[in-house]
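First up is the structure itself, then whatever we jot down about it.
The values are calculated or read from the model by the stated rules, or taken from the named source; none is laboratory data. Quantities reported herein were computed from a predicted structural model and do not represent experimental measurements. Cβ coordinates were reconstructed from backbone atoms using ideal geometry, including for glycine residues, and neighbour counts include every protein chain displayed. Accessible surface areas use protein heavy atoms only, side chains included; no ligands, DNA or RNA. Shrake-Rupley method; radii C 1.70, N 1.55, O 1.52, S 1.80 Å.
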Amino acid sequence: MRLPTSEEIRILIPDASRKFLPQGASFDDESMEFICNLDTKDIIACPGSGKTTALITKLYILSRFMPFTDNQGICVLTHTNVAMDEIKLKMGVEASILFAYPNFFGTIQEFTDKFLAIPEFLNIFGMRPVRFDDEYVDKLTDSKISRAARSWLSKHYPGLIKDLRLDDNYDLRLGINGSAAEFPLKDKNKDTYKSLLNAKYEVFSNGYLKYDEAYWLADRYLNRNPNLCYVFSRRFCFAFIDEMQDTTALQMNILDKIFIPPTVFQRIGDPNQAIYNFARADLDWNVAPNPIRIPNSKRLSCSIASAIRNVCIRPENLNGDLCKECVPPTVILFRDPISVIPKFSELIQLHRDKWHTIDNPIYKAVGWVGRREDENSDKLWIGSYFPDYQKPKKTNKTAFDSLKNYLINYHSEDNNQSNQIFNSILSGLLRTLEILKIKRTSLSGKLVPYSKDTLLRELADKHPAFYHRFLEKAAKWTKAIYSHGCNPQCEHYSCLYAMCVWLEIINFIEDEWATIMQFNTDSLSDFIDSELDGINSQCHNLSNSYAVSDITIKIGTVHSVKGETHTATLYLESYFNGSFESKRLIDYFVGTHNDPKNDAYRTTLTICYVGLSRPTHFLCVAFQNDNVSEANLTALKQNGWIIERV
């Protein structure tokens, strides 16, 4: 079937809207333009614009015209498996044609590994890589260096193992972009250098790779086979990448070499929210001329949108939702940071009638700095406001002997918490296969353990109906644990809702999982019924929550809430890189905008914008009293902020 025209897509939007939008809702003109556009374009979407829903609608409509001429397909790339699974879940079984050949739906890492890195590794070493895993490779490399080399490194270059890479000549370098000439050990004949090189080469050549080494291999493969771009162009007539702002230079280099005309390549994201890519002066994403802009937020109220419009690197014409009742954004001026969160709770109590129709309102207090470098430091960080704050730490133990542990031990330091809960549930299912010694057959004919990626791919390919049921169930389990948090009355088991999920997963394992994977559950009784292992069994949410009456405020880092939507958000200013956030950004808060002076300003603006753009109804910002002048306060009020002192 031929490719559709823009007009044919436009005709189908009302029908698709009923599937993906709330009753009575419709797409704005800018989202319609994106859905109908069939040219290579960048799409700049503001926080809460509904860009993912628009993308899903576009994909769903395109699927109605498949198969395309010459059996061409669509490539859709995201940064996490959870984001991809969310897309698949929303589209449902009706669009299952999109998840089969010749289409590709997956992460950038999966795409790079499958089509480029693995073929290059096969070409060099005659075998497939065994594992891509940063932490495992570091431990394995460290175990292979000599005791003398390890001792010398601990004194002179602690942490060097994590940055150890090979260059094209298999000499050592620091980082994937480093050079052998800049490596701190200059004499290659020294025993320490030889020990490091031998350890790194042995680990690498045996197939244990770090994630960024996949992009190095991919680049080598493309340089050796420059005509591969035409192969990809013949297979994929459309390519989409979501959350483009989180794409690194390494990844962008690969994508630019692959997706050339006539492939339609559309990159979707918000450059102002690139909090994982702010270690440089400029973004890796150089937005192409004449992008499609989606400036209308379905999340933010008009008062919030107006107040934060200029608190970013590149201001867009950010518009709020006219249907939301406006609560003026508030600056809490404090002398004692301990008083800030209780004041936020009081303000929630004062304004909560404005969102009384929301069944489960979400209240969060977030800050940039979640760990104090010096225990004696008095610099502002999250713990200054909430002394009991504990930044979630990833337990070193990843395989447990109890299913319950997988529902409690999830890590959420730098990523969306729901992502980590989902992955932990999936790890629990993988553990059942490990206990029963159930393996998959690799392309080389060997029996190898399942990974999360290979398991999900096999389920999608061989058992699509079960796969979609599992995603629906997993989404429900994840939401139950994430939304309800901990029950403080529960002293031993971390969370009542986690225990309810535990019972549901037991039924799922016994009724469906065992059938699909063809095993008897008798051998799993100890794993299913045993108590907690005792590691990290205090629920993360309990220690980082402030509760008064029926109001619970969860406390965390800005990184941990990226992509989330809250009812009310409190942004806690921090001291970082030599300054308070309020001192750097006060001009932006009062409504003016200047090009950021340096990287410190760019970084601060990016972090702050992500934190400020979470709430639907009520935004508070905490500033230390001495950092804001009377002239600043007057300007803040003129820009729509209410001032509260504590």
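Numbers at a glance
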{"quantity": "Members of the stretch 610-628 that are touching a helix residue (DSSP H, G or I) at 6+ places or on another chain (Cβ under 9 Å) and open to solvent by 10 Å² or more (accessible area, probe 1.4 Å)", "calculated": "Thr616, His617, Gln624, Asn627, Val628"}
{"quantity": "Count of residues meeting criterion [modelled with pLDDT of 65 or more, in contact with a helix residue (DSSP H, G or I) (Cβ under 8 Å, 6 or more places away or on another chain), in a helix (DSSP H, G or I) and open to solvent by 30 Å² or more (accessible area, probe 1.4 Å)] in the stretch 483-534", "calculated": "8"}
{"quantity": "Some residue of the stretch 82-92 being assigned to a helix (DSSP H, G or I) and either closer than 19 Å to Tyr215 by Cα or in contact with a Pro (Cβ under 9 Å, 6 or more places away or on another chain) (or both)", "calculated": "no"}
{"quantity": "Selection count where residues are polar (S, T, N, Q), open to solvent by 60 Å² or more (accessible area, probe 1.4 Å) and modelled with pLDDT under 90, scope the stretch 536-564", "calculated": "2"}
{"quantity": "Among the candidates Ala214, Ala149, Ala218, Ala199, residue that is open to solvent by less than 20 Å² (accessible area, probe 1.4 Å), without any contact (Cβ under 8 Å) to a residue 60 or more places away in the chain and under 29 Å from Phe111 (Cα atoms)", "calculated": "Ala199"}
{"quantity": "Selection from the stretch 592-608 of residues that are surrounded by fewer than 23 Cβ atoms within 10 Å (Cβ to Cβ) and of a type outside the set (A, V, I, L, M, F, W, C)", "calculated": "Thr592, His593, Asn594, Asp595, Pro596, Lys597, Asn598, Asp599, Tyr601, Arg602, Thr603"}
{"quantity": "Conditions (1) modelled with pLDDT of 80 or more; (2) surrounded by 13 or more Cβ atoms within 10 Å (Cβ to Cβ); (3) out of contact with any Cys (no Cβ under 9 Å at 6 or more places or on another chain); number of the one not met by Lys479", "calculated": "(1)"}
{"quantity": "Only one of Asp256, Asp359 that is out of contact with any helix residue (DSSP H, G or I) (no Cβ under 6 Å at 6 or more places or on another chain), open to solvent by 60 Å² or more (accessible area, probe 1.4 Å), more than 30 Å from Val548 (Cα to Cα) and without any contact (Cβ under 8 Å) to a residue 40 or more places away in the chain", "calculated": "Asp256"}
{"quantity": "Residue within the stretch 22-42 that is in a strand (DSSP E or B) and either at pLDDT below 95 or open to solvent by 10 Å² or more (accessible area, probe 1.4 Å) (or both) present", "calculated": "yes"}
{"quantity": "Conditions (1) surrounded by fewer than 17 Cβ atoms within 10 Å (Cβ to Cβ); (2) within 22 Å of the chain's Cα centre (by Cα): number failed by Glu7", "calculated": "(2)"}
{"quantity": "Some residue of the stretch 176-196 being in a helix (DSSP H, G or I), exposed (fewer than 13 other Cβ atoms within 10 Å of the Cβ) and in contact with a Leu (Cβ under 9 Å, 6 or more places away or on another chain)", "calculated": "yes"}
{"quantity": "Flag for Pro119 being in a loop (DSSP other than H, G, I, E, B), in contact (Cβ under 8 Å) with a residue 24 or more places away in the chain and at negative phi", "calculated": "no"}
{"quantity": "Residue under evaluation Leu209, criteria (1) farther than 29 Å from Ile241 by Cα; (2) touching a residue at least 40 places away in the same chain (Cβ under 8 Å), criterion not met", "calculated": "(1)"}
